[in-house]
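Remarks on the structure that follows.
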Amino acid sequence: RRVLFRSEVATNNFVDQVPFIDHPSISWFGCSPDGLVDSVGLVEFKCPNSATHWEYFKAKKPPQKYVIQMQTQLAVTGRKWCDFVSFDPRMPERSQLLIVRVNRDNEMIAMIEEEVSKFLSEVEDEVRGRTFAFVQSLIRITLVLVLAVAPAIAAWIGRHTFKFKNLEITYNGA
């Protein structure tokens, strides 16, 4: 909560917290941004240990893994920028808060969406294969059970004669 408040005060932007957001055109792909800013921005909050925060603070830029995370969130939400916010209340006042704006990179977003689509296609193929194997096993088990139980049911039914017009069939249950 402190990082949210400090970020809002420093940027003069209110942050709306939101639930999971689905990608507009790629099923099973989405994100949970830490917050939305107006209709154009996002925030990504990090509260790392002091040594990690100090590394971010000295570099004045987020690590690449977070750039990819933020570009993914920009892809899903259609927003223009994301503020990377690192906060450590254990640091001296002037070093507690780092805010770096990361602008939308459409080339990176295109690569991310392509890779996500490939991955989801592979997952779908794997699930489809497992589903087919499961159904095939279920059918085999059902056939084995029918063959094992059918003689017992036939013996239980006993002798029956079925008549249909000029046709008569007698079943003796064995």
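The values are calculated or read from the model by the stated rules, or taken from the named source; none is laboratory data. Please read all numbers here as calculations on a predicted model, not as lab measurements. As a convention, Cβ positions derive from the backbone with ideal geometry for all residues, glycine included, and neighbour counts pool all protein chains shown. Keep in mind that these areas ignore ligands, DNA and RNA; they rest on the heavy atoms of the full protein, side chains included. Shrake-Rupley method; radii C 1.70, N 1.55, O 1.52, S 1.80 Å.
Remarks
- Scan of segment 96-126 for residues that are out of contact with any Phe, Trp or Tyr (no Cβ under 9 Å at 6 or more places or on another chain), open to solvent by less than 90 Å² (accessible area, probe 1.4 Å) and among the acidic types (Asp, Glu), ordered by number: 105, 125
- Just one of the listed residues (37, 3, 15) is at negative phi and without any contact (Cβ under 8 Å) to a residue 40 or more places away in the chain, and it is 15.
- The requirement of being in contact with a Phe, Trp or Tyr (Cβ under 9 Å, 6 or more places away or on another chain) and surrounded by 10 or more Cβ atoms within 10 Å (Cβ to Cβ) is fulfilled somewhere in segment 136-157, by at least one residue.
- Among all residues of segment 57-67, there is none that is of a type in the set (Ser, Thr, Tyr), closer than 29 Å to residue 20 by Cβ, at pLDDT below 95 and part of a helix (DSSP H, G or I).
- Residue within segment 41-63 that is under 19 Å from residue 25 (Cα atoms) and open to solvent by less than 20 Å² (accessible area, probe 1.4 Å) present: no
- Residue 8 surrounded by 14 or more Cβ atoms within 10 Å (Cβ to Cβ) and not in a helix (DSSP H, G or I): no
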